[in-house]
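The values are calculated or read from the model by the stated rules, or taken from the named source; none is laboratory data. All values reported here derive from a predicted model rather than from experimental measurement. Virtual Cβ from ideal backbone geometry, glycine too; neighbours counted across all protein chains shown.
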Amino acid sequence: MGHPAYERVRYAVPIGARRDPGVHPSVYMVLDMILDRLAGERGLAGGRLWEQLSAGIHVCPDLAGNRSPLQDPRPLGAVLGMGLEDDEASLALLYLAALQGVALSVGEILSALATSGVDRPRAVVVTGGLARSARFCQVLASACGVVVLRPRTTDCVLLGTAMCAMAASGHAPSLSAARTSMAPEADPVVPADDAKVVAMYRAKATLLRAVLAAQRAAYDAVGIPP
C-alpha cells in the first residue's frame, strides 16, 4: 500500500527541475526539502536536531526478513506510530523514520559483532545508492555512534571493478596497489552529539529489538519455524 501523498511529491520533482536546471531532482530531494521546512517550523533546525522529527514513528525495515544479525526470515517490515495523516509532511516523516530503521539495523549488526569479540569500528565506509544521500549518512552516523566515511565517487562497484581490472591486466602490481592508487578520498560524517538525539536513538534501538523479538515469539507461538 502506497502513501497517499507519494504522487503529489513525485509531481513536484519536475517542478523543482524547472526552477533549477542544474540540479538533478528526485523524490528524495523533495522529501528532504519538506523535512528542512518541518525542522524550521518545529524549532529543530539547529545542528542535527532535525533527527528528532520522527521520534514518534518507528520503522522495522526487514521487508524480506532479517538476514543479519538474526538470520531469521520470519520478522518482516513494521511501522509503529502511523496515523491517519495523508499529507506530504507525514510521508517525509515516514521517510526519515525508514532511514533511521535501516541505520539502526546496521547498528544491531555492529553490536552483534562486538558481542562476538570483534572490536567496534571507529568508522564505517558507505557504498551504494544510499551513500549519495547526505541525510542517510548523517542518520547512520548518529544511529550507530560511529564516524561514517562517504567516498567521493558516484559508483564504488564500478571503481572496484576497475581496480580488479588494473591488477589483472598488469597495469598495477597487485590489487592492493591498485586500491591504494585509485581509492577516492572520503568525507567524514560524525554522529550527532545532542543528548536528546542520542537518547532518542537509544530508545529507538530498544524498540526495534522489542519488535523483532515480539514477531519471532508470535511466529513461535503459532508453530511457524524459522
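Taken together, ASP86, ASP119 contain a single residue that is out of contact with any Ser or Thr (no Cβ under 9 Å at 6 or more places or on another chain), over 14 Å from SER54 (Cα atoms), surrounded by fewer than 17 Cβ atoms within 10 Å (Cβ to Cβ) and touching a residue at least 40 places away in the same chain (Cβ under 8 Å), which is ASP86. Scanning the range 16-44 for residues that are modelled with pLDDT of 90 or more and assigned to a loop (DSSP other than H, G, I, E, B), we see that the one that is farthest from ALA78 (Cα to Cα) is GLY43. Looking at ALA167, is it small (Gly, Ala, Ser) and closer than 29 Å to VAL139 by Cβ? In short, no. Kindly evaluate VAL79 against the criterion of being in contact with a Gly (Cβ under 8 Å, 6 or more places away or on another chain), closer than 22 Å to VAL27 by Cβ, of a type in the set (Val, Ile, Thr) and not in a loop (DSSP other than H, G, I, E, B). Against the criterion (in contact with a Gly (Cβ under 8 Å, 6 or more places away or on another chain), closer than 22 Å to VAL27 by Cβ, of a type in the set (Val, Ile, Thr) and not in a loop (DSSP other than H, G, I, E, B)), VAL79 does not qualify. Answer with yes or no whether GLU85 is part of a helix (DSSP H, G or I) and among the charged types (D, E, K, R). The answer is no for GLU85. The residue list ALA134, ALA92 contains one member that is more than 21 Å from ALA64 (Cβ to Cβ) and crowded, with 20+ Cβ neighbours inside 10 Å, which is ALA92.
As a summary of the residue check, LEU99 satisfies the conditions (1) assigned to a loop (DSSP other than H, G, I, E, B); (2) surrounded by 13 or more Cβ atoms within 10 Å (Cβ to Cβ) except for the one numbered (1). Of the residues in the range 54-62, not one is surrounded by fewer than 16 Cβ atoms within 10 Å (Cβ to Cβ), closer than 29 Å to ALA213 by Cβ, at pLDDT 90 or above and β-branched (Val, Ile, Thr).
In this structure, does ALA143 turn out to be touching a Leu at 6+ places or on another chain (Cβ under 6 Å) and more than 27 Å from ALA39 (Cα to Cα)? For ALA143, the condition - touching a Leu at 6+ places or on another chain (Cβ under 6 Å) and more than 27 Å from ALA39 (Cα to Cα) - is not met.
Taking (1) among the aliphatic types (A, V, I, L, M); (2) touching a residue at least 12 places away in the same chain (Cβ under 8 Å); (3) touching a helix residue (DSSP H, G or I) at 6+ places or on another chain (Cβ under 7 Å) in turn, ALA167 satisfies each apart from (2). Of the residues in the range 205-214, at least one is part of a helix (DSSP H, G or I) and more than 30 Å from LEU35 (Cα to Cα). If I filter the range 126-143 for residues that are basic (Lys, Arg), free of Cβ contacts under 8 Å to residues at least 60 places away in the same chain and assigned to a strand (DSSP E or B), do I get at least one hit? No, every residue in the range 126-143 fails to be basic (Lys, Arg), free of Cβ contacts under 8 Å to residues at least 60 places away in the same chain and assigned to a strand (DSSP E or B). Where residues in the range 156-204 are assigned to a loop (DSSP other than H, G, I, E, B) and of a type in the set (A, V, I, L, M, F, W, C), which of them is surrounded by the most Cβ atoms within 10 Å (Cβ to Cβ)? Per the stated criteria, the residue is ALA192.
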